[in-house]
Ligand code: ADP
């Protein structure tokens, strides 16, 4: 069975065609600048050369057709016709309180995605366009929506509720949802498999450009750091993570800016970028810090301290922990950051084998010593595979 995984952004479309017999990627690629001048498709069939098509893509429907053409291309393609694709799995950001699992797309599901436009204003409209473009290009094929909020929807109410008047939950579904859910689901599930323990208590640190952390038991969410939107929680590349909401009022009043403008600052100009004034990219900040930049050093200090604090609170939430797993760009690659975070965890009996830690760059590994009371793991996330697996379950 071959599953096409689609991840639509407002002007982009990422795809992977996965053969689910052996979970191998047949081809992957990216359409960029959809609806903007200079659009291009970059197609990478496994084992063959990259293939770039520079052509106008006025909308996502055109992009989906170009993806199918590339997949079926006589020279660069990997399938002969679209019938070889059994189903399409879509990453969808927000399902509000309606879905806590992936679901087959129906008109009702599309209505929910549409109803959640204000909860996911950048992603949900693009996700819906992607679904409709696939329906048009491949009529009759099952489409599955895999929601980023699904994992967090399973957290208990006590973890989901904000301490604000209950009427806002009733009226507007204001609660904590959590994001990166597909990644947390995949990585926590794979960690349980590595431990050979179905009910393992796992903390996953997804440290990428966006960053979040989750606590789960047997792959079921107990808590996760992002909230109503992906702004809550850890310090990220450009997002602030947790701040006192009174900061918003204070800065809006003093700088004479609107709440919307302030939210843009918190989402796009804060985090490592805002704290350092240098870059949102972790490697740039690390380099600046090594060159003696004090703000860069402070930002990294605050970054790792925030992660360590969350780990502590999640150990309390779980009443213990079997494994702490690092994933995403920083988590998979920065042995320094893993080491520095684990320095805070001596009280848990965590011991890192620094040789193993340094060797584990972008690959699955246990980096703790055999005596460590908690297993420390590096595990590359694979949201596309997780989406494909969910799709297979439903078709
Ligand atoms: P996203 O998918 O959220 O855009 P990624 O998971 O790709 O982000 O992570 C991007 C982050 O990972 C960047 O801050 C980047 O600097 C960091 N990163 C990538 N490779 C490395 C590396 N080898 N060492 C340290 N950090 C890295």
Self-check item: the chain: most fluctuating residue of 363, 355, 132 per GNM, C-alpha cutoff 10 Å
Solution: 355
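Report the relative contact order of region 282-362, percent, no decimals, based on alpha-carbon pairs under 8 angstrom and at least 6 residues apart. Present the calculation step by step, with values, prior to reporting the outcome.
Working: 47 pairs, mean separation 19.9, N = 81.
That works out to 25 percent.
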Quiz prompt | Relative contact order (%) - region 97-247, alpha-carbon pairs under 8 angstrom, separation at least six | solution = 19
Quiz item: What's the exposure ranking of 100, 74, going from fewest to most Cβ atoms within 10 Å?
Solution: 74, 100
Self-check item: Alpha-carbon centroid distance for the pair region 336-364 / region 310-335, whole angstrom
Solution: 11
Exercise. Divide, for region 116-238, the radius of gyration over alpha carbons by 2.2 N^0.38 Å, where N is the residue count.
Key: 1.18
Quiz prompt | Length released on extending from residue 361 to residue 49, taking residue separation times 0.36 nm less the Cα-Cα span | solution = 109.8 nm
Quiz item: Can you give the relative contact order of the chain as a percent, counting alpha carbon pairs under 8 Å and 6+ residues apart?
Solution: 13
Exercise. Note the angle between two axes, namely the Cα long axis of helix 383-394 and the longest principal axis of the Cα atoms of the chain, as a number of degrees from 0 to 90, rounded to the nearest 10.
Key: 60
Quiz item: How far is it, in nm, from the label point at residue 23 to the one at residue 69 when both lie 7 Å from their Cα along the line to the Cβ?
Solution: 3.4
Quiz item: Given the chain, what percent of its DSSP beta bridges are antiparallel, to the nearest 5?
Solution: 70
Exercise. Mind pulling the angle between the C-alpha long axis of helix 124-137 and the longest principal axis of the chain? Nearest 10 degrees, somewhere in 0 to 90.
Key: 30
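What is the extension gain from residue 301 to residue 80, computed as 0.36 nm multiplied by their sequence separation minus the C-alpha to C-alpha distance, in nm to one decimal? Spell out each step's value before the answer.
Values: separation 221, 0.36 × 221 = 79.56 nm, distance 5.27 nm.
Extra length from residue 301 to residue 80 when fully extended: 74.3 nm.
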Quiz item: Using a Gaussian network for the chain with springs between C-alpha atoms less than 10 Å apart, which of these wobbles most: 220, 268, 48?
Solution: 48
Self-check item: Mean-position separation - Cα centroids, region 371-395 and region 1-46, in angstrom
Solution: 20
Practice problem: Could you tell me, in Å, what Rg and Dmax come out for the Cα atoms of region 213-338? | Solution: 15.9, 49
Quiz item: Kirkwood Rh over Cα pairs of the chain into Stokes-Einstein at 10 °C, 1.306 mPa s: D in µm²/s?
Solution: 72
Self-check item: Extended-chain gain in nm, criterion 0.36 nm per residue less alpha-carbon gap, residue 170 and residue 316
Solution: 49.7 nm
Self-check item: In degrees, nearest ten, helix 246-255 long axis to first principal axis of the chain (Cα)
Solution: 80
Self-check item: Residue-averaged 222 nm ellipticity for the chain, from DSSP H runs of 4+ at -39500 (n - 2.57), nearest 500
Solution: -11500 deg cm²/dmol
Quiz item: Per the Debye formula with a single identical scatterer at each Cα and no solvent contribution, what log10 I(q)/I(0) holds for region 6-67 at q = 0.14, 0.15, 0.17, 0.23 Å⁻¹?
Solution: -0.38, -0.43, -0.54, -0.87
Quiz item: Which order do peptides 176-183, 49-56 fall in by mean Cβ count within 10 Å, highest first?
Solution: 176-183, 49-56
Quiz prompt | Pairwise centroid distance, computed over Cα atoms, of region 77-115 with region 123-177, Å | solution = 12
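Bear in mind these aren't lab numbers, they're just calculated from the coordinates by the rules spelled out. Remember, predicted model here, so these are calculated numbers, not experimental data. Don't worry about glycine lacking a Cβ; one is built from the backbone with ideal geometry, like all the others, and counts go over all protein chains shown.
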